[in-house]
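First up is the structure itself, then whatever we jot down about it.
The values are calculated or read from the model by the stated rules, or taken from the named source; none is laboratory data. Just so we're clear, the structure is a prediction, and the values are computed from it rather than from any experiment. Cβ atoms come from the backbone with ideal geometry, glycine included; neighbour counts cover every protein chain shown.
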Amino acid sequence: MKAISSYLYGFSAASKSFRMITLIYLSYLFIALLVAVPFFGLFQSVAGNRMLPDDLLKGFDATALRELLSGGGKVFSYYIQAFWPWVFVFLLLQVYLNGGILAWISNPRGKFSGALFHRSGRKYFWRFLKLTLYFAIIHLIIALIVYLPYALITGSKTGLTDEQIIRPLIVCVSVHLVILVFIFLLADFTKARIFEQDSSKVFKSIFKCLKITIKRFFPFYFLGLLLGILPVLLFVGFYLIRSALVVDSTGLIIIIFVLQQIMVYARVFLRTWRLAGTYHYYLGISSGS
């Protein structure tokens, strides 16, 4: 079955990609440090010699947080305004990485080449940026279709019970998640086609890929489910571990930091796995095998 063979291929390609995965992880860490170091310096200067950091380490403390914000609220607001450009840079980095990852997974048996990685990232950057913008619009349209009727119906009625509000919302969220599995994989499938065909017609590629995947909906969707299981389990596992730990010491802070870095690294591994699996699935369909 193509879905299973593509899933296994994705794992094999990702397991041979640790040099590339480490490079991507270090780029994430560099951006995170550029943002975090000034913030913690600001946090420390605003807190001064007070015991606010210790209070906040014990858990959410509204009083301590209000005291901290009252002492440096304006300063924090300036920092937050300066933070948004870095969010934009990080999003652009995600787009840039797609070309490099695809260049590597298309032939993961040779020695990793940073020059080839960056050359492919530059070559496909604008195409994948347009693709990202198109899919952002698609996500917005889907969200409106799923949630707007719910918002209009519940907003126009008064005296609804919690059950009458929550149950339809759960249905909407469930429907949305089912659709998202297909949409996210369709985006990766389109990236694979643009890369393999060296196509600059992004909008046309989306429709061609949509037509192909609808014809093979069930195996394609099954692949999406397979590729989505581990990221969800990773998130749930980290959430459960994080919620079970009360960060009240330097040692636990270090443990949480290490766990966060492991999670980031694992997410890069899973991203490589996902793109490699989708790319292999595209090749299998296009070759007719």
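Cβ separations smaller than 7 Å between residues 6+ apart or across chains give the following pairs from the range 150-163 residues that are free of Cβ contacts under 8 Å to residues at least 40 places away in the same chain and part of a loop (DSSP other than H, G, I, E, B) to residues that are surrounded by 10 or more Cβ atoms within 10 Å (Cβ to Cβ) and hydroxyl-bearing (Ser, Thr, Tyr): LEU160/THR154.
Residues checked against (1) over 27 Å from LEU185 (Cα atoms); (2) in contact with a His (Cβ under 8 Å, 6 or more places away or on another chain); (3) crowded, with 17+ Cβ neighbours inside 10 Å:
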{"residue": "ARG216", "(1), (2), (3)": "no, no, no"}
{"residue": "GLY228", "(1), (2), (3)": "no, no, yes"}
{"residue": "ILE254", "(1), (2), (3)": "yes, no, no"}
{"residue": "TRP273", "(1), (2), (3)": "no, no, yes"}
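VAL264 fulfils the conditions (1) farther than 19 Å from GLY121 by Cα; (2) more than 16 Å from the chain's Cα centre (by Cα) except for a single criterion, (2). Taking residues in the range 257-282 that are over 10 Å from SER17 (Cβ atoms) and without any contact (Cβ under 8 Å) to a residue 60 or more places away in the chain, and partners anywhere that are of a type outside the set (Lys, Arg) and surrounded by 15 or more Cβ atoms within 10 Å (Cβ to Cβ), the pairs with Cβ atoms closer than 6 Å and at least 6 places apart or on different chains are MET263/PHE238; ALA266/LEU234. Being under 30 Å from LYS208 (Cβ atoms) and at pLDDT below 90 is a property that SER249 lacks.
From the list SER200, SER205, the one residue that fits, being among the polar types (S, T, N, Q), farther than 18 Å from SER6 by Cα, at pLDDT 90 or above and not in a helix (DSSP H, G or I), is SER200. Across the range 208-253, the number of residues qualifying as in a helix (DSSP H, G or I) and closer than 19 Å to VAL181 by Cα comes to 28.
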